[in-house]
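**Student:** Structure incoming, see below.
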Amino acid sequence: AGAALAHAAAHPGAQAFALIGDLAFLHDAAGLAIGPAEPRPDLCLVVANNDGGGIFETLEQAAFDGVFERLFGTPHGASVEQLAAAFGVPYTLVEQAGELAKAVSGTGLRIVEARTDRAANAALRGRMRAAATQAVVRAVSP
Ligand SMILES: Cc1ncc(C[n+]2csc(CCOP(=O)(O)OP(=O)(O)O)c2C)c(N)n1
Ligand SMILES: [Mg+2]
C-alpha cells in the first residue's frame, strides 16, 4: 500500500497492482484497516489462493506427505472474500483466466482472488522443468 501511494505521488494517474500469495496476504491482512484520515491507495491486490505455501511444494520435503502438509503446506481455509468484506474492500473472484483483465480494471483499493491448486501447480512445474531439461540436452548433445 505504501509503494502504491508513493508510486501515485510520483506518477499522478498511474495504476498499481500487487500479485500476492494467500499466506503473505493473510500475514499482512491487517494492513487493509485504513483510518478515515489516511490516504487510500489506488491498488489492485491480486491474491493467488492455493490454501497454503505452494512454493514449498517444490522442495525435497514435499515427499513427506502428512508432516509436510502440516508444517509447510499450512492450509488455513480462510476466506479472502470474507476478509475483504470485513474491511469493506471490493472483491472479485476470477474463475477463468480470460476474466482476469476485466477483474483487475477499475480504481481504488480492491481485491481480486484466483483459486489455484498447489499439487497441480507443482506437477505443472515438474513437467515444464523436464521439458526444459530435454530441450537443453537435445541442443548440446552431438
Ligand atoms: C517477509 C518474509 N517472511 C517469510 C518468508 C518465508 N516465506 C517464503 S514463501 C512463504 C509462504 C508463501 O505462501 P503464499 O504467500 O501462499 O505463496 P505461494 O507460495 O503459495 O504462491 C513464506 C512464509 C519470506 N520469504 N519473507
Ligand atoms: Mg499460497
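**Student:** From the set of residues in region 104-142 that are basic (Lys, Arg) and assigned to a helix (DSSP H, G or I), which is surrounded by the most Cβ atoms within 10 Å (Cβ to Cβ)?
**Tutor:** Filtering region 104-142 down to residues basic (Lys, Arg) leaves 110, 115, 118, 125, 127, 129, 138.
Filter again for assigned to a helix (DSSP H, G or I), leaving 118, 125, 127, 129, 138.
On the way: Arg118: 20, Arg125: 13, Arg127: 9, Arg129: 11, Arg138: 8.
Going through the qualifying residues, I end up with Arg118.
**Student:** Let me ask something additional. Hey, among Ala14, Ala63, which residue is among the aliphatic types (A, V, I, L, M), in contact with a His (Cβ under 9 Å, 6 or more places away or on another chain) and surrounded by fewer than 18 Cβ atoms within 10 Å (Cβ to Cβ)? Break it down into steps so the answer makes sense when it comes.
**Tutor:** Numbers: Ala63 fails: in contact with a His (Cβ under 9 Å, 6 or more places away or on another chain).
Selected residue: Ala14, the only one of Ala14, Ala63 that is among the aliphatic types (A, V, I, L, M), in contact with a His (Cβ under 9 Å, 6 or more places away or on another chain) and surrounded by fewer than 18 Cβ atoms within 10 Å (Cβ to Cβ).
**Student:** Do we have any residue at all in region 77-85 that's exposed (fewer than 15 other Cβ atoms within 10 Å of the Cβ), of a type in the set (Ser, Thr, Tyr) and in contact (Cβ under 8 Å) with a residue 12 or more places away in the chain?
**Tutor:** Scanning region 77-85 turns up no residue that is exposed (fewer than 15 other Cβ atoms within 10 Å of the Cβ), of a type in the set (Ser, Thr, Tyr) and in contact (Cβ under 8 Å) with a residue 12 or more places away in the chain.
**Student:** Separate question: Could you please let me know if Gly73 is open to solvent by less than 40 Å² (accessible area, probe 1.4 Å), farther than 22 Å from Arg110 by Cβ and touching a Gly at 6+ places or on another chain (Cβ under 8 Å)?
**Tutor:** So Gly73 passes the test.
**Student:** Then there's this: Within region 105-122, does at least one residue satisfy the condition of being in contact with a Gly (Cβ under 8 Å, 6 or more places away or on another chain), basic (Lys, Arg) and either within 15 Å of ligand 1 (Cβ to nearest atom) or modelled with pLDDT of 95 or more (or both)? So that I can check it myself, show each step before the final result.
**Tutor:** The first filter runs over region 105-122 and keeps only residues in contact with a Gly (Cβ under 8 Å, 6 or more places away or on another chain), leaving 116, 118, 121-122.
Now drop any that are not basic (Lys, Arg), which leaves 118.
Narrowing further to those that are either within 15 Å of ligand 1 (Cβ to nearest atom) or modelled with pLDDT of 95 or more (or both): 118.
Yes, the conditions are met somewhere in region 105-122.
**Student:** Here is a further query. Out of Arg110, Arg70, I need the residue that is within 22 Å of Ile20 (Cα to Cα) and over 17 Å from the mean Cα position of the chain (by Cα). Which one?
**Tutor:** Testing whether each residue is within 22 Å of Ile20 (Cα to Cα) and over 17 Å from the mean Cα position of the chain (by Cα) leaves just Arg70.
**Student:** Being assigned to a helix (DSSP H, G or I) and among the β-branched types (Val, Ile, Thr) is the filter here; which residues of region 67-86 pass it? Outline the logic, then answer.
**Tutor:** Residues of region 67-86 assigned to a helix (DSSP H, G or I): 67-73, 80-86.
Matches in region 67-86: Val67, Val80.
**Student:** Which residues, taken from region 27-44, are open to solvent by 70 Å² or more (accessible area, probe 1.4 Å) and in a loop (DSSP other than H, G, I, E, B)?
**Tutor:** Scanning region 27-44 gives Asp28, Pro36, Ala37, Glu38, Pro39, Arg40.
The values are calculated or read from the model by the stated rules, or taken from the named source; none is laboratory data. Quantities reported herein were computed from a predicted structural model and do not represent experimental measurements. Note: ideal-geometry Cβ built from the backbone for every residue, glycine included; neighbour counts use all protein chains shown. The area values use the complete protein model at the heavy-atom level, side chains included, leaving out ligands, DNA and RNA. Shrake-Rupley method; radii C 1.70, N 1.55, O 1.52, S 1.80 Å.
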